[in-house]
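Peer 1: Here you go, one structure.
The values are calculated or read from the model by the stated rules, or taken from the named source; none is laboratory data. All of these numbers come straight from a predicted model, not from anything done at the bench. Here the Cβ positions follow ideal geometry from the backbone for every residue, glycine too, while neighbour counts run over all protein chains shown. All accessible areas refer to the heavy atoms of the entire protein, side chains included, with ligands and DNA or RNA removed. Shrake-Rupley method; radii C 1.70, N 1.55, O 1.52, S 1.80 Å.
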Amino acid sequence: MRLTVILMVVCLYCTEQAEGGSVFIYNNLRHGKFLKVHCKSGDNDWGWHVRKYDGLYHFSFKDHILDKTLIWCHLWRGRNFKITQTFVAYESKKYKSRHTWMRWSARESGIYESIGGKPFQFRYNWGDKL
């Protein structure tokens, strides 16, 4: 019984100490073009969203205490949203700093990434296989 109580206290403490970050996805496609977004992890599904040109989709999350957080996103663009790309938007093992802001920019030329306020860098072509 005493061990159970100790384990519960430790688990509660670890949950409270979990740190997280934020994912931002910008629609930087051509004027008038819509972007469909769906992001999820093993524990969370942030749902389906459509953003107009120059729109922003954002969510925050808590990291798994054992660095197991993996978030992937699906983006669609084009007529009837037939052009798509799936990518890892955040992976806790990859980033040493917690409270990370992951910024992604969907452009006609591809998907661009910015970590912690650094300039955007090209990351994926539309339709790339990962």
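Peer 1: Using alpha-carbon pairs under 8 Å, 6+ residues apart, how would you state the relative contact order of the range 47-130 in percent?
Peer 2: 20 percent
Peer 1: Another question, if that's okay. Which whole-Hz couplings ³J(HN,Hα) result when phi for each residue of the range 60-76 is put into the Karplus expression 6.51 cos²θ - 1.76 cosθ + 1.60, θ = phi - 60°, listed in order with x for Gly and Pro?
Peer 2: Listing the rounded values in order: 10, 8, 10, 6, 5, 4, 9, 6, 9, 6, 9, 10, 10, 10, 10, 10, 10 Hz.
Peer 1: How much net charge surrounds Asn44 when only other residues with a Cβ under 15 Å from its Cβ are counted (Lys, Arg +1; Asp, Glu -1)? Numbers along the way, then the final one.
Peer 2: Details: positive: Lys40, Lys62, Lys68; negative: Asp43, Asp45, Asp63, Glu91.
Once all neighbours under 15 Å are counted, the net charge is -1.
Peer 1: While we're looking at this one, here's another question. State the extension gain, in nm to one decimal, for the chain segment bounded by Arg30 and Phe122, taking 0.36 nm per residue of separation less the distance between their alpha-carbons.
Peer 2: My answer for the length gained is 31.4 nm.
Peer 1: With a 1.4 Å probe and every protein chain kept in, tell me what percent of the accessible surface of the range 54-130 is carbon plus sulfur.
Peer 2: It is 53 percent, rounded to a whole number.
Peer 1: Given points 7 Å out from each Cα along the Cα-Cβ axis, report the Leu56 to His38 separation in nanometres with one decimal.
Peer 2: Distance between the two pseudo-spin positions: 2.5 nm.
Peer 1: Also: Leu29's amide H: which non-local residues (gap 5+, or another chain) put their own amide H closer than 5 Å, with H modeled 1.01 Å from N in plane and none for Pro or chain starts?
Peer 2: Placed amide hydrogens put Asp54 under 5 Å from Leu29.
Peer 1: Let me ask something additional. Roughly how many debye, to the nearest 20, is the charge dipole of the range 67-130 about its Cα centre, given +1 on each Lys and Arg Cβ, -1 on each Asp and Glu Cβ, and no other charges?
Peer 2: 60 debye
Peer 1: If amide H atoms are built 1.01 Å from N in the plane of the peptide, which residues on other chains or at least 5 residues away come under 5 Å of the amide H of Phe59?
Peer 2: It is Val23, by chain and number.
Peer 1: If you don't mind, another one. Hey, what do the phi angles of the range 23-38 turn into as Karplus ³J(HN,Hα) couplings, whole Hz, using 6.51/-1.76/1.60 and θ = phi - 60°, x for Gly and Pro?
Peer 2: 10, 10, 10, 9, 8, 10, 6, 4, 3, x, 8, 9, 10, 9, 10, 9
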